[in-house]
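Please read the structure below before turning to the comments.
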Amino acid sequence: MKHILFIGDSITESGKQGDLDNIGNGYVRIIHDYLKTVHLTEQIKITNKGISGNRISDLAARWREDVLELNPDILSISIGINDVWRQIDNPQMKQIHPAEFEMIYNDLLTQVRSKTDASIVLMEPTIIEEDVHSQGNKKLVEYVEIVNGLAEKFEAIVVPSHLAFLGYLNADRNYNVTIDGVHMNSAGNMLMAATWLEAAKGLLDKQ
């Protein structure tokens with residue numbers, strides 16, 4: 001049985017607490033159902049370790065228990081939205097700027113490489129407001145670049161989530177993909193899941 005572990009913030013958590021399978025109703029659920037019914041990956045276990053409000057520092061605080069001790073075959077990480085969003089909606093709190101974000105993220109990936117055999121999938125943070133020119137999306141650029149740089153350094157698969165959402169917004173389809181500019185509606189979750197599955201296709205086939 002292959003174990004895929006998803007970790008992140010509320011976008012990953014997405015209704016997990018009210019779900020009997022503890023998977024939620026977001027992009028993780030769509031990936032789970034696709035693998036079960038279309039990809040026909042029967043022997044698969046999916047764990048959702050998303051927690052609302054998490055930043056990279058929160059992942060670090062629970063990394064040993066929620067990642068290393070579970071020793072997944074595939075580890076998928078989606079983080080960065082709150083690291084930027086808190087700079088906008090709660091500027092008085094201690095912020096995690098790009099240099100610290102990269103340092104902590106690098107340490108977490110180093111631990112994964114040294115203590116597990118997991119294949120790593122890094123998801124770009126998505127969007128903050130459905131406007132490519134929003135303050136949040138401008139601030140996200142550096143965090144997205146960090147994720148891509150770390151993916152290259154650690155030979156991880158990168159899921160171009162941010163790029164996919166910007167592409168969608170630039171196409172001006174006049175159909176929302178979030179409920180509030182950050183949290184996904186069903187369309188946003190579908191876009192995340194489709195982008196993940198496309199990026200991880202070779203890894204899933206190999207697994």
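Any read-out appearing in this document is the output of simple, stated calculations on the displayed coordinates, not a laboratory observation. None of the values given here were measured: they were computed from a predicted structure. Don't worry about glycine lacking a Cβ; one is built from the backbone with ideal geometry, like all the others, and counts go over all protein chains shown.
Points worth noting:
- 5 angstrom amide H check on K49, placed H, neighbours 5+ away: F6, I7, G8
- Relative contact order [Cα under 8 Å, 6+ residues apart], the chain, whole percent: 21
- Candidates E65, E145, E100: whichever shows maximal mean-square fluctuation once the chain is modelled as a Gaussian network with Cα springs under 10 Å: E65
- Positive-end extreme of charge dipole, the range 60-206 - chosen from S134, I146, W63 (charges on Cβ): W63
- Qualifying lysines (Cα of each under 26 Å from Cα of K139; at least 8 residues distant if same chain): K49, K94, K153
- Cα centroid separation - the range 1-72 against the range 118-186, whole Å: 18
- For the chain, size of Cβ-based charge dipole, Lys and Arg +1, Asp and Glu -1, in debye: 320
- Whole-Hz ³J(HN,Hα) from phi, Karplus 6.51 cos²θ - 1.76 cosθ + 1.60, for the range 97-110, glycine and proline x: 7, x, 4, 6, 4, 5, 4, 5, 4, 4, 5, 5, 5, 4
- Packing-based ranking, highest mean first, of 75-88, 152-165, 24-37 given that Cβ atoms within 10 Å are counted: 75-88, 24-37, 152-165
- For K2, the residues whose amide H sits under 5 Å from its own are I44, K45, ignoring neighbours fewer than 5 places away on the same chain, with H placed 1.01 Å from N.
- Each residue of the range 25-30 is assigned a 3J(HN,Hα), and the resulting list reads 10, x, 5, 5, 4, 5 Hz, derived from the Karplus form 6.51 cos²θ - 1.76 cosθ + 1.60 (θ = phi - 60°), x at Gly and Pro.
- Listed by chain and number, the lysines whose C-alpha is less than 17 Å from the C-alpha of K36, apart from same-chain residues fewer than 8 away, are K2, K45, K201, K206.
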